[in-house]
Structure formats: C-alpha cells, structure tokens
Amino acid sequence: QVQLVESGGGLVQAGGSLRLPCAASGRTFSNYPMGWFRQAPGKEREFVAAINRSGGNTYYADSVKGRFTISRDNAKNTVYLQMNSLKPRDTAVYYCAARDRGLPSMRYNEYAYWGQGPQVTVSS
C-alpha cells in the first residue's frame, strides 16, 4: 500500500505559477512510476504528466508540454508538478497517482494508488 498526499493547490491568475508536491508513505517510493492527472467539472479525468522510477524519463500531455514539469525526489518520497504560464483551461482538481508495476502510463486505470486531489483554479 502507498498513501499519497498532495498539497499546493489554490487560486492563481492566468500566467502565474503553482507547484504541487505529492508526498508518499508506505512502500518504497522509488519502486513506483508516478503520474499526474486532472479532472475539470463535467469532464473525464485526463493525463497530465508521468515520470519513471528513477526520474530520468518524463512524459507530458500535449496541452501542458513546455509549461509543466514533473520531477521526483526519491530521498524525500515526493513527486512534484511545477505549473508555469497557467491558463484558465488548466482549472481542475489535480491528482497524483502511483503505478505498482511496469512503466509510466497515460491511462488512469493503470494506476493503483491515488491522492485526494487539490483544486487548482486559474482566473482570467
């Protein structure tokens, strides 16, 4: 079992930045590929970014490429999502997730563990 706790959500103006940390506890954090997903009201949960166990490989949705950065610190059992140049369409609940096997994935149903999801609101 892995427990995930996100923080860092809030309200920001368009063009601003936020960083979302996600702290893990339980099993060995470095064993898990990690991902970030988001869900806006009335929409399906969508992939944002993912990172492999070592942090050497990262993957991004086209909608956030060049603006968002995923990283991890295995010594601190934490994965981060740095969000820059935020836009109103980035408004959503953001979830971090841990996959218990294989490689990072863009499919949310391939992740076994989820955080509670902080709200990120970007005003125009």
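The values are calculated or read from the model by the stated rules, or taken from the named source; none is laboratory data. Everything numeric here is computed off the predicted structure, so don't read it as measured data. Here Cβ is always computed from backbone atoms with ideal geometry, including for glycine, and neighbour counts include all displayed protein chains. In case anyone asks, the SASA skips ligands and DNA or RNA and just uses the protein heavy atoms, side chains included. Shrake-Rupley method; radii C 1.70, N 1.55, O 1.52, S 1.80 Å.
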Notebook entry, point to check: With labels modelled as points extended 7 Å from the Cα through the Cβ direction, what inter-label distance (nm, one decimal) is found for T121 paired with D73?
Noted result: 2.9 nm
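What's the Kirkwood radius of the stretch 52-110 in Å, using all Cα pairs? Walk me through the numbers on the way to the answer.
Values: mean 1/r = 0.0772 Å⁻¹.
Kirkwood radius, the stretch 52-110: 12.9 Å.
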Margin query: I need to check one value: relative contact order of the chain, counting alpha carbon pairs closer than 8 Å and at least 6 residues apart, in percent.
Written below: 36 percent
Next item on the list: May I ask which residue of A40, A23, V122 lies farthest towards the positive end of the charge dipole of the chain, with charges of +1 (Lys, Arg) and -1 (Asp, Glu) on Cβ and the Cα centre as origin?
Entry: A23
Checklist line | Rg/Rh for the chain, where both radii come from Cα atoms and Rh is the Kirkwood radius | finding: 0.94
Check: What order do you get for 34-46, 98-110 when each peptide is scored by the mean count of other beta carbon atoms within 10 Å, highest first?
Finding: 34-46, 98-110
Checklist line | Between the stretch 3-24 and the stretch 34-108, the alpha-carbon center distance in angstrom | finding: 11 Å
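For N74, what charge total do you get from the other residues with a beta carbon under 13 Å from its beta carbon, if Lys and Arg give +1 and Asp and Glu give -1? Walk me through the numbers on the way to the answer.
Details: positive: R27, R53, R72, K76; negative: D73.
Once positives and negatives cancel, what remains is +3.
How much area per residue is accessible in the chain when the probe is 1.4 Å and only protein heavy atoms are counted (Å²)?
Heavy-atom accessible area per residue stands at 51 Å².
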Notebook entry, point to check: How large is ³J(HN,Hα), in whole Hz, for each residue of the stretch 92-99 in order, when computed from phi with the Karplus curve 6.51 cos²θ - 1.76 cosθ + 1.60 and θ = phi - 60°, using x for Gly and Pro?
Noted result: 4, 8, 10, 10, 9, 8, 10, 9
